[in-house]
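As structure tokens, the structure follows; a few thoughts come after it.
The values are calculated or read from the model by the stated rules, or taken from the named source; none is laboratory data. From a predicted model like this one, the values you see are computed outputs, not experimental measurements. Note that each Cβ is placed from the backbone with ideal geometry, even for glycine, and that neighbours are counted across all protein chains shown.
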Amino acid sequence: MSNTLVFTTIPILFFLWLFLGRNKNICSVCAAISSTWILLFIARFFGWFNNDTLLALLLGGSVVGLYYFILKNKKLEFFRLPILLTLFTISYLVFSLEYQLFIPVASVWILFFLISLGKNKKLRERIILCCKNW
């Protein structure tokens, strides 16, 4: 499968999702990119596609899109870093199956959870504001 075919598939899937998608809460761009990397992953499994770089770029785009979707819930703002690390780890596991990666990600979640329970309000606010003021 050529890269040209991949980049032709994305706009086709975009318009299919835009006009045929029944759920108006799903972004057609996100659905097209996700559908593309899912199809490529299946093609990779059967040996029909071997460009892991392109597959990883598309998967990374879905990770970032999902990250921003999750952060629409303001209650999760504080947990930006653990959420992003978790999403990247899950996407990396699609390729590698290196389960030991869960140890540092779980450690970050525990650290942020403990900080969220602590009394240092300035630290929590600083963490929340880190991505807002640039």
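Numbers at a glance
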item: Positions within the stretch 18-63 being within 20 Å of the chain's Cα centre (by Cα) and small (G, A, S), in sequence order; result: S28, A31, A32, S34, S35, A56, G60, G61, S62
item: Residue within the stretch 90-104 that is outside the structural domain of I128 (by TED's automatic domain parsing), farther than 30 Å from K121 by Cα, in a helix (DSSP H, G or I) and not basic (K, R) present; result: no
item: Conditions (1) under 21 Å from L93 (Cα atoms); (2) free of Cβ contacts under 8 Å to residues at least 40 places away in the same chain; number of the one not met by K72; result: (1)
item: Conditions (1) touching a residue at least 24 places away in the same chain (Cβ under 8 Å); (2) crowded, with 17+ Cβ neighbours inside 10 Å; number of the one not met by T86; result: (1)
item: Boolean, I103 is touching a residue at least 40 places away in the same chain (Cβ under 8 Å) and of a type in the set (V, I, T); result: no
item: Condition check for S116: within 30 Å of S2 (Cα to Cα), in a helix (DSSP H, G or I) and in contact (Cβ under 8 Å) with a residue 12 or more places away in the chain; result: no
